[in-house]
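Nothing in this text is a laboratory measurement; each read-out follows from the coordinates by a stated rule. What you see is a predicted model, and the numbers here were worked out from it, not measured in a lab. Cβ sites come from the backbone with ideal geometry, for glycine too, and all protein chains shown count toward neighbours.
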Amino acid sequence: KSDSDTYSCDIGDAQSRAKLVVQEKPLLFKQELRNEEAKEGKQVKLTCELSKPGAPVKWMKGDAVLHASEKYEFKQHGTVAELIIRDVKSVDA
């Protein structure tokens, strides 16, 4: 997308211009989240894979947005996004 712009070829007395518009590919899930089971007090990791590296990810539980804390850790490596939930309790289901 950042390559979208006007380009020109200059030969001194004349110039030719063209506009390049780059259409971004849609952001999709290459691998969606999978259901997990964990024993109380343990740690669980939820993972999904996106079609583009570095895409912004927002993690939610129900309608509530999660924030990084002692309980929740977020990681993103290229196209893979991870949510780590520590010390899981029944209310985390």
- [ ] List the residues whose amide H sits under 5 Å from the amide H of residue 61, counting only those 5 or more places along or on another chain, with H placed 1.01 Å from N in the peptide plane.
- [x] 66
Task: Hits among aspartates and glutamates - C-alpha to C-alpha of residue 39 under 17 Å, sequence gap 8 or more where chains match - done: 87, 92
Open item on the list: Using a Cα-Cα cut-off of under 23 Å, which lysines could be cross-linked to residue 45, ignoring same-chain neighbours fewer than 8 residues away?
Closed with: 30, 58, 61, 71, 75, 89
TODO: Between residue 30 and residue 63, take the C-beta separation as r, use R0 = 41 Å, and let me know the FRET efficiency to the nearest 0.05.
DONE: 0.95
Open item on the list: Using Cα springs under 10 Å in a Gaussian network model of the chain, which residue among 41, 54, 78 shows the largest mean-square fluctuation?
Closed with: 41
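In the range 1-78, which GluC sites (Glu not before Pro) are in a loop and have at most 10 other Cβ atoms within 10 Å, using DSSP for the loop call?
24, 32, 37, 40, 70
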